[in-house]
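Notes follow the structure.
The values are calculated or read from the model by the stated rules, or taken from the named source; none is laboratory data. Predicted, not measured: the structure shown is a model, and the values here were computed from it. Positions of Cβ are backbone-derived with ideal geometry, glycine not excepted, and every protein chain shown enters the neighbour counts.
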Amino acid sequence: MRRVLLDHSVPRPVVRILSAHVVVRAYERGWQALKNGELLAAVEGAGFEVFVTADQNLRYQQNLQATRLAIVVIGTNIWPVIAADPLPIARAVASAQPGAVAVVPYPKAPRLRGPQP
């Protein structure tokens, strides 16, 4: 069982996918206003082991080599896309290594245009 923090960009139902772990949402900690660097420092300082985010740019904006956190970046924050194939997230969190970034790719959701029949 791992201590996991979900970024505010991750849909709430992902908590159910990770039911084998202790999962807390950033919102529950009052951390929704923290920016990436501050948030990562708070997450690590609070003793979490894994940080899950849908922020695709996090790995380019922050020096992640300096952290002991395992970071899982999911390729979408669209719940129906995740719900169709939730296992990659569960596997990525279970196998995440400290100081490493794991990316969970998902196909892009189709955009609906105009009135639908």
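Key figures
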{"read-out": "Residues (part of a loop (DSSP other than H, G, I, E, B), charged (D, E, K, R) and exposed (fewer than 14 other Cβ atoms within 10 Å of the Cβ)) located in region 28-52", "value": "Lys35"}
{"read-out": "Which numbered condition Arg16 misses (of (1) at pLDDT 95 or above; (2) surrounded by fewer than 17 Cβ atoms within 10 Å (Cβ to Cβ); (3) part of a loop (DSSP other than H, G, I, E, B); (4) not aliphatic (A, V, I, L, M))", "value": "(3)"}
{"read-out": "Residue match in region 53-63 (condition: under 17 Å from Gly99 (Cα atoms) and in a strand (DSSP E or B))", "value": "yes"}
